[in-house]
1. Among (1) farther than 24 Å from B:LEU62 by Cα; (2) in a strand (DSSP E or B); (3) modelled with pLDDT of 90 or more, there is one condition B:LYS160 misses while meeting the rest; what is its number?
2. Check whether at least one residue in segment B:194-202 is under 30 Å from B:GLN260 (Cα atoms), out of contact with any Gly (no Cβ under 9 Å at 6 or more places or on another chain) and not in a strand (DSSP E or B), and report yes or no.
3. Please verify whether segment A:256-263 includes one or more residues that are modelled with pLDDT of 90 or more and buried (at least 24 other Cβ atoms within 10 Å of the Cβ).
4. Is at least one residue of segment A:107-121 within 16 Å of the ligand (Cβ to nearest atom), outside any loop (DSSP other than H, G, I, E, B), surrounded by 22 or more Cβ atoms within 10 Å (Cβ to Cβ) and away from chain B (no Cβ under 14 Å)?
5. Which residue is surrounded by the most Cβ atoms within 10 Å (Cβ to Cβ), if the candidates are limited to segment A:327-375 and must be hydroxyl-bearing (Ser, Thr, Tyr) and more than 30 Å from A:VAL279 (Cα to Cα)?
6. Return yes when A:MET130 is touching a Cys at 6+ places or on another chain (Cβ under 9 Å), touching a residue at least 12 places away in the same chain (Cβ under 8 Å) and outside the structural domain of A:SER304 (by TED's automatic domain parsing) and no when it is not.
7. Just to check your reading of the model, which residue among B:GLU281, B:GLU333 is at the interface with chain A (Cβ under 9 Å from one of its Cβ atoms) and either closer than 24 Å to A:LEU275 by Cβ or at pLDDT 95 or above (or both)?
8. Can you name every residue in segment A:1-59 that is under 30 Å from A:LEU324 (Cα atoms), out of contact with any Leu (no Cβ under 6 Å at 6 or more places or on another chain) and aliphatic (A, V, I, L, M)?
Amino acid sequence: MHLAWGEEEERFRAELGAFLDAHAPAEAIGRGMEPETHGGIPLWAREWQATLFDHGWLIPSYPPELGGRNATDVQTLVYFEELAARGIPRALHFPGHAIVAPSLLEFGTDAQRELVPAAIRGDTVWCIGMSEPGAGSDLAAMRTRATLDGDHFVVNGQKVWTSYAMWSQMCMLYVRTGDTDSKARGISVLILDMTTPGIDIRPLRQSAGGTDFAEVFFTDVVVPKENLIGEMNDGWRVTMGSLAHERAGLWLEWTGALDHVFRRTVDEARRVGALEDEVVRYRLMALYEEVGGLRALGYKGFASYEKSGAAPEHALLKLATSELRKRIAQLTNEIAPSPENRREVLGTFAGTIGGGTSEIQRNAIARVLGLPRGY
Amino acid sequence: MDFTLSPDQELLRDTGRALVREHCPASLVRAYAEDPSVADDLTARLSEFAGLVAGPAVDLCLFLEEMGAALVPGPFVPTVAAFAPIVAAVGANDVFESVAAGEATGTVWSPSPVELHAPAGDRVEFVAIAVEGGDICVTDQFELAPLEVFDLSRPQFDAKVFDAKVFDAKVTGDSGTIGHGSYAALYRATVAFSAELIGTTRWMFETTLEYVKTREQFGRPIGSFQALQHRLADMSLLYERAWSSVYWAAMAIDADDDEQHRAVHVAKSSASEAARHIAGEAVQMHGGIGVTWDHDLHLYMRRAFMSEEVLGTTAWHRARLADLVLQEGGQHE
Ligand SMILES: Cc1cc2nc3c(=O)[nH]c(=O)nc-3n(C[C@H](O)[C@H](O)[C@H](O)COP(=O)(O)OP(=O)(O)OC[C@H]3O[C@@H](n4cnc5c(N)ncnc54)[C@H](O)[C@@H]3O)c2cc1C
């Protein structure tokens, strides 16, 4: 156990630092890692994502043709450290590079894999169609149906809370292909071109004011058979895979975001002259301890991952960082009430509901703890 | 930051774990309250590991975590966790060397805000006493007054220097407490006690986890009830976060990194918070058996309470941390 990385890692950091100094746009520096886009993916963010890709700094562990430089795990960690320290996001929308790319690389055909570079670079914007009105936490209850008809599927049904749907060219769509009651055993995943006739996208305004997700209706939407990812009725495996990708690598972005918002909370407390208040100081420090502790926990998880390829700590981190994010925002507004800080609180629920609710995370942690299935 | 344990560190941890499993059953802890000499054999065995005082904080912590999980009574922990760094800081080199060789034991008495009440003072040869004016006096001539025993495995005492005939009296600093001018000793002691407390917490958590998997009500294990599962998930989070904070601080100390000034406060405060919360949940999830004298839980809970109070309360640590973190233009990480 030691605090600092070796010389080689520091060389890697310096190289990245030089790149960031030269190329990071002003809008990105200090912006923080949060994905919220509030009304579209700005041009600077698209260009930045492409620049990172072109220089092999978007997903360092990938080979150059996929926006990386074959970096080791430790180098990847250093990469995230440096971005987090500078508050620089890689991209403002993650489905393409964080979910679609790894899923296609693992389960896709050769033809499908050709979609990967553009998905990572952000040239094609992807959305993920999983949730439905009747299937949220219980994903296996989804009903959007795809019927195989010769060389194509015909899709009918509805998705909801589909982030970025209105700006997406492509969708990774989860559909029922088995019997109505086939649950997890009857789900398949399709690649859907969002310009296909029969798709109706209705943006949903969020409580915080932005419009980042939509409900999406499908009426006799035709999808070529070769757009099936993996095997027929085997989509659950792809689901689990894609969620795992999301959980495995992102913790430093989450803790980096916490650093950022905590700093802002302190600034807000200073602004309203509350920084000398003993109660405020006590409560701020309780949160500071959590932020630092979660970062340390992430590193502990990284060590288990390096050692065994599995990191039970990661299950804790999604829950902990999103819940803490919410409490930091609440405290900020309590100390320094303002329209912005109030809105900020509303926005934080995205983290504790999206990507599996906090309760579902606790259920998963209970499994990790070896507890029997719950009632 | 690399949390990977080296093979030597794993061996150290496993050795400590095996040693206390064999030589420190709960029955010994209970017997100690009546007659502290029952732990003499254990203390002798542990003295072979006294050399940890001269090594990295991380190693010391790994070993002490195991001591905490078994509620090891007697002078070993106070000696290596608190006494050793303080004699090192005041430059009482001969005493430090005999401690490191496992030949001498000692404890520490220090007033608020970084209180230590000569834990296991009745079983040691030396005491480091913070005397009037904040100087520290290392002596084998001292007088003890027992305090009311709450933690059965670790009685506490008021201690004062016996007479002018002080053995190897060493003084440091000119005012304040132990922390003054010798923060390194205080940091090491704080993180060492925090690591021990983490072990105590681990026992409470694991024991509870085991219990809810076996205890049945309504025809099923109580651990299948989601109301308990979610609380256990939160307990595991608190425990893991505290564990990580403690070792982070230990690494910062070993690297003599600036981060240590903040990390020790985070470590103590987080370890205390996890201990307090998990102790309460552990008792609740045990039901009636959890409030009996016969069940070992209360032994652990008592230790958890006392460890939270020593070397600075949570309020004190947070106040100090706030001074460091919130100063104008101060660093937040
Ligand atoms: C900002 C945001 C972005 C999103 N983006 C996408 C996206 O891009 N693509 C997509 O497919 N989906 C997306 N979602 C949907 C998200 O995955 C679902 O909202 C989430 O899985 C919860 O489903 P639900 O909304 O139907 O709530 P429900 O499942 O109905 O949950 C309601 C409440 O019941 C609790 N609950 C449910 N089941 C259990 C249980 N077994 N044990 C204990 N408590 C339970 C939940 O925790 C919650 O508190 C997004 C959601 C948000 C908020």
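1. Every condition holds for B:LYS160 apart from (3).
2. Within segment B:194-202 (the criterion being under 30 Å from B:GLN260 (Cα atoms), out of contact with any Gly (no Cβ under 9 Å at 6 or more places or on another chain) and not in a strand (DSSP E or B)), the answer is yes, since at least one residue qualifies.
3. yes
4. Looking through segment A:107-121, at least one residue is within 16 Å of the ligand (Cβ to nearest atom), outside any loop (DSSP other than H, G, I, E, B), surrounded by 22 or more Cβ atoms within 10 Å (Cβ to Cβ) and away from chain B (no Cβ under 14 Å).
5. The selected residue is A:THR357.
6. Judged against the criteria, A:MET130 is not a match.
7. Only one candidate qualifies: B:GLU333.
8. A:MET1, A:LEU3, A:ALA4, A:LEU16, A:LEU20, A:ALA24, A:ALA26, A:ALA28, A:ILE29, A:MET33, A:ILE59
The values are calculated or read from the model by the stated rules, or taken from the named source; none is laboratory data. Predicted model, so just to flag it, every value in this text is computed and none were measured. For neighbour counting, all protein chains shown are included, and Cβ atoms are generated from backbone atoms with ideal geometry for every residue, glycine included.
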